[in-house]
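Input: a single structure, listed below in structure tokens.
The values are calculated or read from the model by the stated rules, or taken from the named source; none is laboratory data. These numbers come from a predicted model, not from an experiment. Note that we place each Cβ from the backbone using ideal geometry, even for glycine, and neighbour counts take in every protein chain shown.
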Amino acid sequence: MNLRSIDLLLVISDPSARGILTAKRISELTKPLAIEIKEKHLIVNRTPDPLPEELYAKIKETTESTDLPLAGILSSSDELIHQELSGKSYLSLDDDGAVIQQAYEIFSKIIK
């Protein structure tokens, strides 16, 4: 087993400039460590809706300057917060909810 090989690396960031910069650094760090990564993606989590243009510009700058393509963006959700605070499973969320649809869209890009 080769421990220097990864099939899929998902880099998850919060919606901050520091978070996006950290995602970029994580992506770049794999090169000097000689880790073979077959596929990697960026997911930005808990973003405001609508997405501020400044944040979108920072995400775009990062994805264009690295080999870390954007898999998708998950909006902040009061429903998710309520589920978490009440101890309920995320599996009971409505399939038609915005964040679930966003997650399905991300999965369809990643899972082939």
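Considering each of 43, 20, 37 in turn, give the residue that is part of a helix (DSSP H, G or I) and among the hydrophobic types (A, V, I, L, M, F, W, C). Talk me through it step by step, then tell me what you get.
Numbers: 43 fails: part of a helix (DSSP H, G or I); 37 fails: part of a helix (DSSP H, G or I).
After applying the criteria, what remains is 20.
Being among the charged types (D, E, K, R) and either under 24 Å from residue 17 (Cβ atoms) or touching a residue at least 40 places away in the same chain (Cβ under 8 Å) (or both) narrows it down to one of 79, 64, so name that one. First the steps, then the outcome.
Working: 79 fails: either under 24 Å from residue 17 (Cβ atoms) or touching a residue at least 40 places away in the same chain (Cβ under 8 Å) (or both).
Within the list 79, 64, the selection yields 64.
Looking at 37, 12 in this structure, which one is at pLDDT below 95 and among the β-branched types (Val, Ile, Thr)? Break it down into steps so the answer makes sense when it comes.
Details: 12 fails: at pLDDT below 95.
None of the other options fit; the residue is 37.
Assigned to a loop (DSSP other than H, G, I, E, B), over 18 Å from residue 8 (Cβ atoms) and free of Cβ contacts under 8 Å to residues at least 12 places away in the same chain: does that describe residue 95?
Numbers: assigned to a loop (DSSP other than H, G, I, E, B): yes; over 18 Å from residue 8 (Cβ atoms): yes; free of Cβ contacts under 8 Å to residues at least 12 places away in the same chain: yes.
Spelling it out, residue 95 is indeed assigned to a loop (DSSP other than H, G, I, E, B), over 18 Å from residue 8 (Cβ atoms) and free of Cβ contacts under 8 Å to residues at least 12 places away in the same chain.
I need the full set of residues from the stretch 17-34 which are among the polar types (S, T, N, Q) and either at pLDDT below 95 or over 16 Å from residue 61 (Cβ atoms) (or both), in order please.
Taking the stretch 17-34 and keeping what is among the polar types (S, T, N, Q), we get 22, 27, 30.
Hits for the stretch 17-34 are 27, 30.
Testing residue 51 on (1) in a loop (DSSP other than H, G, I, E, B); (2) modelled with pLDDT of 95 or more, one condition comes back false. Which one is that?
That leaves (2) as the condition not met.
With (1) in a strand (DSSP E or B); (2) buried (at least 18 other Cβ atoms within 10 Å of the Cβ) as the list, and residue 7 as the residue in question, which single condition is left unmet?
Tallying (1) in a strand (DSSP E or B); (2) buried (at least 18 other Cβ atoms within 10 Å of the Cβ), residue 7 fails exactly one: (2).
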